[in-house]
Every structure is written in structure tokens, then in C-alpha cells.
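Worksheet: one structure, shown below.
The values are calculated or read from the model by the stated rules, or taken from the named source; none is laboratory data. Note that the structure is a prediction, hence the values are computed from the model and not measured. Quick reminder, even Gly has a Cβ in these numbers, built from the backbone with ideal geometry, and neighbours come from all protein chains shown. Only protein heavy atoms, including side chains, enter the accessible area calculation; ligands, DNA and RNA are left aside. Shrake-Rupley method; radii C 1.70, N 1.55, O 1.52, S 1.80 Å.
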Amino acid sequence: QVQLVESGGGLVQPGGSLRLSCAASVSIDSFSVMGWYRQAPGKQRGLVARITRGNTTNYTDSVKGRFTISRDNPKNTVTLQMNSLQPKDTAVYFCNAVSVWREYWGQGTQVTVSS
């Protein structure tokens, strides 16, 4: 049973930083792609950033230069470093992993950017 567990969300002031972590219950080498998605109230879930097994990264335009995704294979974790946070970044952030057979989702972690 594959499990993805997110942590690191919370309340932060505009301009602040947060670091999200996604811990997998299996080797992350099992997944061709891992990523972070977010869903704000009343909006569809959308891609924030993703990283391939070969460490190729992609970011949605609104977070380029502010967010960094990385993977730690020995620890089976993927992290999302978020800097210069803005109120528009407020959302539930979900970890995602794609294998040959299916994709998996974490339960989500709330990020709120507010003064």
C-alpha cells in the first residue's frame, strides 16, 4: 500500500517561507514523476511543480523563481521550498506520485498566507 504523507504547512505572513515535505512509504524510485499540486477554495486543483526520476523539474509560471522542488532518494521524500509567499499562494497543497500503473495522492496540507 503506497502512502504519501505531507507535512510543513501552516500560516505565514506575506513574504515569508515554508518548506513542505512529502514522505513516501515506498522507494520514490518507483515513481517516474512526483509533484505538488494545490487547490484553493472554489478552484480546480492545479500543478505547482514536479520532478522526474531524472531530476528534470517543471513549475507553473506563477511560482517560478520563488519555489524549488527537490527529491531525496535515500529518505524517500520530495520537498517544496516556498519563498516570497503571497496571499494568492493560499491553498491546500497535495503531494502526487505517478508510477507505471497509477497515480497516488497525499491527504493535503493547508498553506495560508495572510497578515
Potential lengthening between Gln3 and Lys88 on full extension [0.36 nm per residue; Cα-Cα distance subtracted]: 27.7 nm
Estimated vicinal HN-Hα couplings, Hz - segment 38-52 in sequence order (Karplus 6.51, -1.76, 1.60; Gly, Pro = x): 9, 9, 8, x, x, 10, 6, 5, x, 5, 9, 7, 8, 9, 8
Surface per residue (accessible, 1.4 Å probe) for the chain, Å²: 53 Å²
Residues with amide H under 5 Å from that of Val26, placed H, sequence gap 5 or more: Gln3
Per residue, the convex hull volume that the Cα atoms of segment 1-64 enclose (Å³): 125 Å³
In sequence order, calculated HN-Hα J values of segment 90-100 (Karplus, 6.51, -1.76, 1.60; Hz; x Gly/Pro): 4, 4, 8, 9, 10, 8, 9, 9, 10, 10, 4
Where labels lie 7 Å past Cα in the beta-carbon direction, separation of Glu103 and Thr60 in nm: 1.3 nm
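Calculate what fraction, in whole %, of the accessible area of the chain sits on carbon and sulfur atoms when a 1.4 Å probe is rolled over the protein chains.
Reported share for carbon and sulfur atoms: 47 percent.
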Kirkwood estimate for the chain, i.e. one over the average of 1/r between Cα atoms, Å: 14.0 Å
